[in-house]
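Reading through the structure tokens given below for one structure.
The values are calculated or read from the model by the stated rules, or taken from the named source; none is laboratory data. Remember, it's a predicted structure, so these values are computed and weren't measured experimentally. Using ideal geometry, Cβ is built from the backbone for each residue, glycine included, and neighbour counts are taken over all protein chains shown.
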Amino acid sequence: MEKKPFVTKEQVEKIAASIPTPFHLYDEKGIRENARRLKQAFAWNPGFKEYFAVKATPNPHILKILQEEGCGVDCSSYTELLMSEKVGFSGQEIMFSSNVTPAEDFALAQKLGAIINFDDITLIDFYKDIAPFEPVMCCRYNPGGDFTLNNEIMDTPKDAKYGMTREQIREAFLKLKAYGVREFGIHAFLASNTTENGYYPKLARILFQLAVELQKETGVHIKFVNLSGGVGIAYRPDQPENDIMVIGEGVRQAYEEVLVPAGMGDVAIYTELGRFMLAPYGCLVAKVLHQKHIWKEYVGLDACAANLMRPAMYGAYHHITVLGKENAPCDHKYDVTGGLCENNDKFAVDRMLPKIDIGDYVVIHDTGAHGFAMGYNYNGKLRSAEVLLTEDGGFRQIRRAETPEDYFATLDFSDFE
Ligand SMILES: *Cc1c(COP(=O)(O)O)cnc(C)c1O
């Protein structure tokens with residue numbers, strides 16, 4: 001499938017007149033429409049709720065849009081909890097799915113009334129001395145082994161640091177029950193960035209069966225099953241795309257086959273999607289600063305891996321469009337790089353693109369999740385602005401770019417003055 005940017009050259013020129021590149025740009029219309037599709041796909045489940053994974057795109061303006069579409073938030077740290085509180089999320093609109101959790105994080109989560117998801121059985125006794133137990137609490141499951149779909153290994157839970165073993169989760173439920181917890185959630189995240197519609201249905205079936213067994217073994221009431229994140233997107237133009245309606249229907253079938261016959265037709269389905277909610281509705285807009293011709297052809301941008309780490313970190317593919325040259329033939333081969341003193345600072349290697357000129361604007365696609373969020377300050381590079389393309393076709397800066405003052409804010413130079 002052809003990948004088209006959600007922004008035109010003319011729009012970018014207009015934005016860049018007041019907000020210099022590079023910046024991450026988000027498409028409000030796309031975000032809202034997608035959130036509504038997800039809601040529709042799970043409309044068969046009256047308790048359904050998406051808890052957007054804040055870590056994917058931690059910006060209050062984005063969280064507000066999702067809140068207006070009926071989403072809650074999934075937090076994993078103290079500052080994510082604070083941000084969510086400031087946006088106006090409270091109580092069971094907040095899921096707290098952390099690991100290696102500091103005491104003050106648990107204390108704040110409990111104070112906000114968040115649903116606390118225990119990553120490990122030892123955390124229950126750790127928590128006991130910090131805050132009171134809540135009527136609704138959740139435990140994270142790790143079945144070990146490999147997670148396979150159609151005989152293919154999708155991920156390896158046995159090597160993942162998250163969650164409790166089967167024996168531990170039973171014990172954890174009994175422990176929590178003894179501490180007065182009345183309703184329980186089960187959570188698992190077993191494969192990342194999946195692009196097969198079968199992931200959620202298979203995971204759901206595993207967790208539904210576990211829910212039936214645990215309800216029998218421990219006598220607790222299971223309130224929800226949290227399918228967490230992991231539904232991916234097609235970063236490559238030739239990749240298949242998920243169909244969220246098919247996914248929702250697959251989960252419904254597992255629900256009908258496993259939970260309903262066990263008399264558990266009141267279990268709510270929760271999700272904690274990040275990538276699926278935001279990745280395609282954000283892009284990194286950058287400008288071509290330099291070109292060099294040595295053993296290969298290089299195009300140097302004003303953005304670097306500090307603005308988008310995924311290609312450097314995972315060798316991840318991000319599609320690139322040269323604005324104004326959407327229909328030109330891709331007959332030039334380039335490495336598209338940033339300016340870090342790191343040879344892996346390449347947004348693309350041997351990529352076929354139209355002939356590029358200095359001053360061209362490029363759109364790096366699908367950076368709306370785990371894009372800006374993974375940014376860092378290596379080489380003294382500063383984090384970029386974030387801009388929202390509003391539904392009416394206008395734009396709004398939703399985070400300013402960092403300045404050198406921000407970079408120096410944690411240092412004290414008084415010894416050198
Ligand atoms: C990262 C994460 C998510 C979101 O994952 P995506 O791949 O962005 O959907 C959800 N829940 C937890 C606990 C996570 O760590």
Within the range 139-179, the residues that are touching a helix residue (DSSP H, G or I) at 6+ places or on another chain (Cβ under 9 Å) and part of a loop (DSSP other than H, G, I, E, B) are ASN142, PRO143, GLY144, GLY145, ASP146, GLY163, TYR179
Over the range 184-218, the set of residues closer than 19 Å to ILE121 by Cβ, touching a residue at least 24 places away in the same chain (Cβ under 8 Å) and either assigned by TED's automatic domain parsing to the domain that holds ALA369 or more than 16 Å from the ligand (Cβ to nearest atom) (or both) is PHE184, LEU210, ALA211, LEU214, GLN215, GLU217, THR218
Near pairs, Cβ below 9 angstrom, 6+ apart or cross-chain, from the range 261-274 (in a helix (DSSP H, G or I)) to any residue that is more than 16 Å from the ligand (Cβ to nearest atom) and not polar (S, T, N, Q): PRO261/VAL212; ALA262/PHE208; ALA262/ALA211; ALA262/VAL212; ALA262/LYS216
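For the range 158-179, indicate whether the set of residues that are surrounded by fewer than 20 Cβ atoms within 10 Å (Cβ to Cβ), without any contact (Cβ under 8 Å) to a residue 40 or more places away in the chain, of a type outside the set (Asp, Glu) and closer than 30 Å to PHE347 by Cα is non-empty. Break it down into steps so the answer makes sense when it comes.
From the range 158-179, those surrounded by fewer than 20 Cβ atoms within 10 Å (Cβ to Cβ) are 158-162, 165-168, 170-171, 174-175, 177-179; that's our starting set.
When the remaining residues are screened for being without any contact (Cβ under 8 Å) to a residue 40 or more places away in the chain, the result is 158-160, 165, 167, 178.
Next cut, of a type outside the set (Asp, Glu) only: 158, 160, 165, 178.
Narrowing further to those that are closer than 30 Å to PHE347 by Cα: 160.
Yes, the conditions are met somewhere in the range 158-179.
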Filter result for the condition that a residue is in contact with a Phe, Trp or Tyr (Cβ under 7 Å, 6 or more places away or on another chain), within 22 Å of GLU69 (Cβ to Cβ) and at pLDDT 95 or above, over VAL231, VAL246, VAL220, VAL285: VAL231
Out of the range 279-296, which residues are buried (at least 16 other Cβ atoms within 10 Å of the Cβ) and either hydroxyl-bearing (Ser, Thr, Tyr) or farther than 13 Å from ILE358 by Cβ (or both)? ALA279, PRO280, TYR281, GLY282, CYS283, LEU284, VAL285
Matching residues in the range 353-396 - criterion: being surrounded by fewer than 14 Cβ atoms within 10 Å (Cβ to Cβ) and under 28 Å from SER192 (Cβ atoms): TYR376, ASN377
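Among the residues of the range 361-412, what is the count of those that are part of a strand (DSSP E or B) and in contact with a Cys (Cβ under 9 Å, 6 or more places away or on another chain)? Write out each step before concluding.
Pass one, the range 361-412, residues part of a strand (DSSP E or B): 361-364, 385-389, 395-399.
If we keep only those that are in contact with a Cys (Cβ under 9 Å, 6 or more places away or on another chain) too, we end up with 363-364.
Number satisfying all stated conditions: 2.
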